[in-house]
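Here's the structure, in structure tokens; my notes come after.
The values are calculated or read from the model by the stated rules, or taken from the named source; none is laboratory data. Given the structure is predicted, the values throughout are model-derived calculations rather than measurements. Because the Cβ atoms are built from the backbone with ideal geometry, glycine has one as well, and the counts that use them run over all protein chains shown.
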Amino acid sequence: MKSIQNGWYVLYVKSHHERKVSEGLNNLEIKAFSPTVQVQSTRTDRRKMIHKLLFPSYVFVKINSSMDFHRTLSVNGACMYIRFGMEYAKVSDKEIKNIELLLQSNDLTEVETNTENFKVGDLKTISYGPLSGLECQVLEISSSNKIIVRIDSLKKNIIATIPSGYLAD
């Protein structure tokens, strides 16, 4: 394994401990990011808006030293860092910013993630809105377009519905 470099790493945490781990890391003055989206949950007697984790059991951690890297594992609920082979999963600052921009946009609906690597669809560039300039792949669904934004370092896709006018060749 290589030495630990500064940057964002992906910490795997116990199920339903994402917020507790994020708070514990913030108490240690280590920046943590656990993205959530607000979705409507239908109960038998009512509808309720809830916060759903975009990446369940994952917390993004900004590491500034090897000491920070090891201290994060002492937080109650933290399990291990995600690895691909012998390399720790590292997420670029740009990818974190793109996730933040995606979650801040009011024009996006039905945000979800998956691990499928889609083969069909045209490659487009988002030309308007907070995700302007981002390359994406398009899936046609009735009158709306679903876009897939690939976050390569996580091997995951983010799927969100945006107005078709936001896309350009």
Those strands (runs of 3 or more DSSP E) lying entirely in segment 46-138 with at least 2 residues at pLDDT 75 or above and not assigned by TED's automatic domain parsing to the domain that holds THR161: 47-53, 58-63, 78-81
Count, please, the residues in segment 74-95 that happen to be surrounded by fewer than 18 Cβ atoms within 10 Å (Cβ to Cβ) and either free of Cβ contacts under 8 Å to residues at least 12 places away in the same chain or within 18 Å of GLU135 (Cβ to Cβ) (or both). 6
